[in-house]
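The values are calculated or read from the model by the stated rules, or taken from the named source; none is laboratory data. Keep in mind that this is a model prediction, so the values were computed, not measured. So basically every Cβ, Gly included, is an ideal-geometry build from the backbone, and we count neighbours across all protein chains shown. Heavy atoms of the whole protein, side chains included, go into the accessibility calculation; ligands, DNA and RNA do not. Shrake-Rupley method; radii C 1.70, N 1.55, O 1.52, S 1.80 Å.
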Amino acid sequence: MEEPRTLDPHTARLLPWLIAVAFFMQSLDATILNVALPAMAHDLGQNPLRMQSVVIAYILTVAALIPISGWIADRFGSRRVFCIAIALFTLGSLFCALSESLQALIVSRVIQGFGGALMVPVGRLTILRAFPRSELVRVMSFVTIPALIGPLAGPTVGGWLVEYLSWHWIFLINLPIGVIGCVLSARLMPDFRRERRQRFDATGFVLFSAATLSLSLALEGLGDMHLSGPRVVVLLVAGLGCLAAYWLRALRIDEPLFSPTLFRIRTFTVGIIGNLFARLGNGALPFLIPLLLQLGLGFSPSRAGLSMIPMTLAAMLAKSLVRPLLDRVGYRRTLVANTLLLGALIMSLGLLGPATPYWLLLLQLSALGLVNSLQFTAMNTITLIDLEGDNAASGNSLLAVVMQLSIGMGVASSAALLGGFSTGAEGDARTVLDAFAATFLAVGGMAMLASIIFFQLHPGDGRTRPRRRR
């Protein structure tokens, strides 16, 4: 197995902070924009319905470029690529704030997407190569906290900035963070790169990116874009066709973008497939819970945002529990039990109503935050923990692609379910709550299915040290 390079204590202590801040900047941006779209449309003289292109431009850029992130990091070095990624994201944020037309804003979001597509995968790849296997759970637990906080804090922070300042500030807040990140990256980021240069699989990149773009557009079409059924079907078929063509080609060439040999690693295969199904459930929570609190329970936007703080705090607390739990119980038992518990907690949200005591609501959201946090960390770590040498970069990039697609699938499927169950529910509070209850029941059930996948792990998979015999 490829041994991680030794870091000096100062770098080992600060590097997770640097990557965590970059993760937070990217995850916050993914949700903060939605709140500001009406104000942006008014300021730019556009129909609010046309502003969805601002969101889609970023999503599609990230989806198209993530597959090549591992090859770029191996070719040009993790330090240079990470610095450039933060710089592009920051520069794109500045251009967004200065945009005076919708077209300029879309171009600026594409620049942001170039940075976002590289920032998170390269940061996670650096963690994988910089720290020993025994430390991977601890470090991954720390750097994934921002990925949980960002989607929950985004709507609250965005609403406050738009209401009291202006929509420009949702981009301007990235500037000081980005400048500090660039300076610290140049000093702290290890410069990992592949010793043997790999030939760039241009044809594979085109096929895989076309598949990712088509599937992402189809998923967005089911949700926010409201594309017609035939168009969604065409996009799905095109995406699956390109994906099939890519894998058939990858089986017969020497250096594909993502090698099929990755799936000979059991922990990676189970982790990737488990990620896909589990995130159908927990990926929908940042979308569904604020809607439930406001539309179903009548909370104001500010109260809904404050009500989710215990969920975030519990998620942070869980990071200190995950390593002892995995060392004692193992990945298989933890993921199977935690996935079933996560599904049950998602279903329990359907029991909420106007008569539910507020303290019970907060307790329920806290339990959900804790279990969801354990799920994220355990799934990601088991997926990456056994990757070696040349497989590390491509496996990490493939995980990033699957995460992007599965979260989109979660939001799109939950939006479609909620829309279907709430037909004719306008103005009827009881019917709205019934629609949410049915949606949470379905989403929780989908999340539970992942437990069957995680059951395929062996009891000893992912262990960093043998258990003590009694």
* To do: Figure the gain on full extension for Ala355 and Leu175 (residue separation times 0.36 nm, minus the Cα-Cα span) and round it to one decimal in nm.
  => 60.4 nm
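Using 0.36 nm times the number of residues separating Ile253 and Asp434, minus their current alpha carbon distance, what extension gain do you get?
Full extension of this stretch gives 59.9 nm more.
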* Exposure of Asp254 as accessible area (Å², to 10), given a probe of 1.4 Å and all protein chains -> 150 Å²
* Highest-first arrangement of 314-323, 410-419, where packing means the average Cβ count within 10 Å -> 410-419, 314-323
* Which residues in the range 105-144 place their backbone N less than 20 Å from a point set 7 Å from the Cα of Phe200 along the Cα-to-Cβ direction? -> 111-123
* Difference of contour (0.36 nm per residue) and Cα-Cα distance, Glu135 to His42 -> 28.5 nm
* Arg13-Val237 FRET efficiency (beta carbon distance; Förster radius 45 Å; 0.05 resolution) -> 0.35
* **Zone residues, the range 160-178, relative to Glu100, backbone N less than 13 Å from point 7 Å out along Cα-to-Cβ** => none
* To do: Report the accessible area of Met189, computed with a 1.4 Å probe over the heavy atoms of all protein chains in place, in Å² rounded to the nearest 10.
  => 0 Å²
* Scale the Cα Rg of the range 44-144 by the rule-of-thumb value 2.2 N^0.38 Å and send over the ratio, two decimals. => 1.27
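Sequence gap at least 6, Cα distance under 8 Å: using those rules, report the relative contact order of the range 278-366 to the nearest whole percent.
Relative contact order for the range 278-366 comes out at 44 percent.
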